[in-house]
Amino acid sequence: MRRRMLPLLLAILAANFPQAASAEPAEQAAGHALPADEADTRMAWWRDARFGMFIHWGLYAAPAGEWNGEKQAGIGEWIMNTADIPVDEYEQLAAQFNPTKYDPAAWAKAAKQAGMKYVVITSKHHDGFCLFDTKTTEWDVVDATPYGRDLLRPLSEACRAEGLKFCTYYSIMDWHHPAQGKSADGRYNPSTIKEGRKAEYIKYMEQQLAELLESCDPEVLWFDGEWPDWWTEPDGKRLYSYLRGLKPSLIINNRVGKGRKGMEGLSKGDQQYAGDFGTPEQQIPATGLPGVDWESCMTMNDTWGFRADDHKWKSTETLVRNLVDIASKGGNYLLNVGPTAEGEIPAASLERLAQIGEWMRVNGESIYGTSASPIEIPWGRCTVKRDGDAGSLYLHVFDWPEDGRLTAPLGGLKAATAELLANGSELQVDATETQFTLTLPEQAPDPIDSVIKLKVTTE
Ligand code: FHN
């Protein structure tokens, strides 16, 4: 097979070593209207983390994708996402919810061993049911279920014991709250606010969020359910300011307002929308936006919440390559698990998490703390780590060249050394003024993604 040219590697270098390349440095958008040093300081751990666990857990795990004997096709969180179930029928689920097998320490360990750096768990989904003890309602795990204990605080402690950041998801839309109701036209996830009761509900939300900050001190508040027409961008900006006032170091996603769908909600510094990062869902943007923070949230199968007949599980290869693709574009990967009503993460999820962890133990440095490279490479991806005038390019080779050689144009950069992360073995680098060629072993060390660490300098 013809030698592969690493196309336009110059653009990568321009984005990360502007003094080294003639190409115009990639546009460095300001990702945030607040003073860069404040946002940069606050976002630093989140940008380094690159990989987190999403947990969708609640009463909807009990019916597990079936209602009145009918399996719900399509996305399995139908149970939690439809307002077609009469509230008094749905409320009966609380009596069934008794997660006696819940082991927060095991959940935190599974996330840690997968190479994840943070955990985002549903504190309240659209059904309004709270997994934490709240004074604002009896519709919570302490007052309404046989389990009778707060679920989030123990997980926050277990995450911190494993060195993970603990974060919470919170739905603005709340079908159970008396101030909200179905929209007349029955739209998907319908929700309206009753005449004159919006301020009441916002106060309720603020009280609950203050309780969450107090009881389990999340580092990120991950909002959702912001799409009903009655919730506006000014509402989101006010809520963002309220929360940052309570906890200045808090990070908040762009669904606190109307900036959803990830990149389109991201401004390049004009801060059109409230929120610190974009939230593309079940998708990976075609390119990153240099200088803008974003996180792709995705399921491991096709359901957010647990479904008894869970299927369409993605392969570990797909999950690892998603992580690499996202990191190569400067984003974070929030990968979801949906625990059962008994409190167990499904075996199929645990298996994939363990396999991802094996890859991360060898190659994690090519993900953590890396930044975007501005182009896509057909046979793999590239992530970048700067170190003054030097740095490393991590070449993620998905498609190992049959001729065992990779060639790249290196305008003004010196390829110092190259090694395989899998075993530290040095690779021969033949450099000329304009390009270098890597000689690779016949066999790819990792069929999913073999990573080459290329140290480069500018002098
Ligand atoms: O309706 C929810 C869905 O259940 C899930 O929580 C996702 C995760 O981002 N958010 C909403 C759909 O966009």
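The values are calculated or read from the model by the stated rules, or taken from the named source; none is laboratory data. Keep in mind that this is a model prediction, so the values were computed, not measured. Because the Cβ atoms are built from the backbone with ideal geometry, glycine has one as well, and the counts that use them run over all protein chains shown.
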Odd one out for Tyr118 among (1) out of contact with any strand residue (DSSP E or B) (no Cβ under 9 Å at 6 or more places or on another chain); (2) within 16 Å of the ligand (Cβ to nearest atom): (1)
- request: With a cut-off of at least 2 residues that are over 22 Å from the mean Cα position of the chain (by Cα), name the helices (runs of 4 or more DSSP H) lying wholly within the range 102-174.
  value: 141-144
query: Would a scan of the range 324-340 turn up a residue that is touching a residue at least 40 places away in the same chain (Cβ under 8 Å), assigned to a strand (DSSP E or B) and closer than 24 Å to Lys414 by Cα?
result: no
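Out of Ser425, Ser450, which single residue is outside the structural domain of Ala64 (by TED's automatic domain parsing), modelled with pLDDT of 95 or more and surrounded by fewer than 17 Cβ atoms within 10 Å (Cβ to Cβ)?
The unique qualifying residue is Ser425.
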message: Here is a list: Thr287, Thr303, Thr318. Which entry is β-branched (Val, Ile, Thr) and either crowded, with 21+ Cβ neighbours inside 10 Å or within 12 Å of the ligand (Cβ to nearest atom) (or both)?
response: Thr303
query: Can you spot a residue in the range 224-247 that is under 30 Å from Val451 (Cα atoms), not hydrophobic (A, V, I, L, M, F, W, C) and not in a helix (DSSP H, G or I)?
result: no
- request: Kindly establish whether Gly412 is modelled with pLDDT of 85 or more and on the phi > 0 side of the Ramachandran plot.
  value: no
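Restricting to the range 50-86, and then to whatever is assigned to a helix (DSSP H, G or I) and surrounded by fewer than 23 Cβ atoms within 10 Å (Cβ to Cβ), can you tell me which residue is modelled with the lowest pLDDT?
Ranking the candidates gives Trp78 first.
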- prompt: Considering only residues of the range 149-179 that are among the basic types (Lys, Arg) and either under 14 Å from Tyr118 (Cβ atoms) or in contact with a strand residue (DSSP E or B) (Cβ under 8 Å, 6 or more places away or on another chain) (or both), which is nearest to the ligand (Cβ to nearest atom)?
  reply: Lys165
- prompt: Which residues, counting only those in the range 350-370, are surrounded by 20 or more Cβ atoms within 10 Å (Cβ to Cβ) and touching a residue at least 60 places away in the same chain (Cβ under 8 Å)?
  reply: Leu353, Ile356, Trp359, Met360, Asn363, Ser366, Ile367, Thr370
query: If you check every pair at least six apart or on different chains, which have Cβ atoms under 9 Å apart with a residue in the range 107-125 that is closer than 18 Å to Leu212 by Cβ and free of Cβ contacts under 8 Å to residues at least 12 places away in the same chain first and a residue that is of a type in the set (Asp, Glu) and assigned to a strand (DSSP E or B) second?
result: none
Residues within the range 423-438 that are in contact (Cβ under 8 Å) with a residue 60 or more places away in the chain and either in a loop (DSSP other than H, G, I, E, B) or out of contact with any Leu (no Cβ under 9 Å at 6 or more places or on another chain) (or both), tallied: 0
query: Which of the following residues is in contact (Cβ under 8 Å) with a residue 60 or more places away in the chain, in a loop (DSSP other than H, G, I, E, B) and buried (at least 16 other Cβ atoms within 10 Å of the Cβ): Ser392, Ser373?
result: Ser373
